[in-house]
Each structure stands twice: as structure tokens, then as C-alpha cells.
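> I have a structure here, written as C-alpha cells, and I will follow up with some questions on it.
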Amino acid sequence: MGARVLEIAVQDVEGVRVAARVGAARVELCSALGATGGLTPSAGLLRAVLAAAGEVEVHPLVRPRPGGFVYSADELDVQVRDVRDAVAAGAHGVVVGVLRADGTVDEDALGLLVEAAQGREVTFHRAFDVVDDVAAALDVLARLGVARVLTSGGAATAPQGLDRLAATVARAAGRVQVMAGGGVRPDDVAALVATGVDAVHLSAKAVVSDAGGPGGGGDAGFEVTDETVAAAAAEALAHA
């Protein structure tokens with residue numbers, strides 16, 4: 001296996017600049033990461049990040065709302081439109097995840113999203129961690145041409161899911177890349193790499209205090225990419 005790749009989840013233009021400075025290969029671009037697990041970024045944000053990305057690949061998350069991953073026809077239609085718009089803007093790939101009510105991958109819906117991506121890389125996100133039958137899910141992803149899956153190994157955090165991560169890598173057998181993510185800190189990188197994953201994903205986020213008042217979310221502040229944490233993760237990956 002070649003060198004493992006670092007992917008950073010970012011939420012603004014400076015985030016992709018941080019990713020470039022620390023040598024990350026990709027960013028997952030999203031909004032409201034801490035509060036919701038991530039939602040689709042705006043068209044303006046995507047275009048601004050693409051303009052600033054340099055050699056870093058930009059893969060926007062396409063997720064229309066918080067909550068579970070079983071979507072109505074209208075919600076799926078929105079996602080297809082968002083994927084098409086991301087491709088038209090120049091995104092290198094997209095990040096999606098769709099399930100059926102029984103917890104299996106929604107093959108029909110995913111097929112529409114892959115088609116809308118027009119050959120750009122598709123990453124299946126941590127909706128995968130809700131799936132019971134990992135083997136069957138991987139078979140669906142491989143059949144549809146999904147490039148990679150982001151997973152914590154079904155655990156709350158990737159460092160807690162090492163056994164399932166290793167099993168997922170073995171089952172994927174190179175057909176689908178496996179990227180470990182979820183609660184990852186730089187000290188976790190070596191153990192994640194030891195499972196055989198193709199990439200490590202983290203947000204490296206810090207919260208800036210900035211009260212918005214009663215109409216601006218109270219005193220929750222906002223999240224930024226912490227360059228010190230991102231650099232430490234890159235360093236750990238380089239030596240893992």
C-alpha cells in the first residue's frame with residue numbers, strides 16, 4: 001500500500017489554506033460540523049474554497065439536514081441538484097450517504113447520486129457506521145463505483161472502532177478505499193494506520209468565542225480549523 005492520505009474537514013476558506021500548509025491531500029467541506037455532524041456548504045463557500053485550495057482536493061459534503069440518513073423523494077432531489085452544482089463548480093468529488101429504513105444502503109438513491117457526480121470521486125460518509133452488515137454495504141459501494149468510505153468502525157470514535165476498521169479494510173480488499181474518521185486526535189493516528197486504512201480524517205477544530213445574542217445562536221461562538229492540531233496529525237501520519 002502507498003502512503004496514507006490526510007483529509008481534514010473544514011468549514012471556511014482559511015480551513016483549506018490550513019490544510020494546504022500542513023500538506024493534507026483533501027478537505028471535506030461542510031457547514032455546522034460541530035452542531036449537526038455537518039451539512040451541505042453554500043455555493044458561494046464552495047466556490048471560494050475551490051479558488052483558495054491550490055493543490056488540495058475539495059470534496060463538499062452533500063447532506064440537506066441533520067438527523068438520520070433515510071430521505072424523502074424531495075430530499076433526495078435536493079441532494080442530486082447539490083451534487084450536480086458541486087461538479088459544475090469544479091469540486092473534485094462529493095461526500096454523500098443514503099440508507100433505507102432497514103439500515104441498509106439505499107442502492108437506488110446512491111446510484112442517482114453517483115450518476116450526478118459525473119465521474120467525480122464519491123465518498124460514502126459515516127452513515128456507514130449505522131449499517132449492520134458491513135460486507136453487504138461494501139459490496140453495494142463497490143458495485144456502484146464509490147471511491148471510499150469514511151467510518152469510525154461503527155464506534156463513537158475511530159480509536160474505539162479499531163477491530164471493525166481492520167475488518168472493513170479486509171472486506172473492502174482494495175475495491176473501496178477505507179478512511180478512518182470520527183473523534184480523531186493526532187495521538188490516535190498510528191493506531192488507525194495499523195488497521196490498514198487508506199486515509200485518516202479529522203476536523204482539527206477549535207471554537208472561537210463570539211456571542212451572537214438571542215438572534216445569532218447565543219454565546220455558542222464558531223468553529224475554525226486549528227493549524228497546530230492539523231500539523232500534528234500530518235506529522236503523525238508521516239511517521240506512522
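> Across segment 146-160, in residue order, what do the Karplus-derived ³J(HN,Hα) couplings come to in whole Hz, using 6.51 cos²θ - 1.76 cosθ + 1.60 with θ = phi - 60° and x for Gly and Pro?
5, 6, 7, 10, 9, 8, 9, x, x, 9, 4, 9, 4, x, 8
> Report the antiparallel proportion of the DSSP beta bridges in the chain as a percent, rounded to a multiple of 5.
Bridges in the chain are about 20 percent antiparallel.
> With θ taken as phi - 60° and the coefficients 6.51, -1.76 and 1.60, list the Karplus ³J(HN,Hα) couplings across segment 14-22 in order, rounded to whole Hz; mark glycine and proline as x.
The phi angles translate into 4, x, 6, 5, 4, 4, 5, 5, 8 Hz.
> Given H placed 1.01 Å from N in the peptide plane, which residues other than close sequence neighbours of G221 have an amide H under 5 Å from its amide H?
Amide H to amide H, under 5 Å and 5 or more residues apart or across chains, G221 pairs with D210, G212.
> Please list, ordered by chain and number, the residues whose modelled amide H lies under 5 Å from the amide H of A9; skip anything fewer than 5 residues away on the same chain.
Residues meeting the criterion, in which the H sits 1.01 Å from N, are E28, L202, S203.
> If you plug each phi of segment 163-179 into the Karplus form 6.51 cos²θ - 1.76 cosθ + 1.60 with θ = phi - 60°, what whole-Hz ³J(HN,Hα) values come out, in order, with x for Gly and Pro?
Each residue of segment 163-179 in turn: 5, 6, 4, 4, 5, 5, 4, 5, 5, 4, 6, x, 6, 9, 5, 10, 10 Hz.
> Turning to a different aspect of this structure: Find the Cα radius of gyration of segment 1-82, compare it with 2.2 N^0.38 Å by division, and give the number to two decimals. Don't skip to the answer; put the middle values down first.
On the way: Rg = 13.8 Å, N = 82, 2.2 N^0.38 = 11.7 Å.
So segment 1-82 has a normalised radius of gyration of 1.17.
> Next up: What is the set of long-range amide H partners of Q177 at a cut-off below 5 Å, with H atoms built 1.01 Å from backbone N?
R148, V149
> May I ask for the net charge around A206, where only other residues with Cβ less than 14 Å from the Cβ of A206 are counted and Lys, Arg are +1 while Asp, Glu are -1?
Numbers: positive: R185, K205; negative: D12, E14, D210, E223, D226, E227.
It works out to a net charge of -4.
> Among H59, H239, what is the fewest-to-most ranking by other Cβ atoms within 10 Å? Please report the intermediate quantities before stating the final value.
Numbers: H59 24, H239 9.
With the fewest neighbours first, H59, H239 line up as H239, H59.
Values quoted throughout were computed directly from the atomic coordinates according to the rules given, and no laboratory measurement underlies them. On a predicted model such as this, the values are computed, not experimentally measured, just so you know. In this analysis, Cβ positions are derived from the backbone assuming ideal geometry, glycine residues included, and neighbour counts consider all displayed protein chains.
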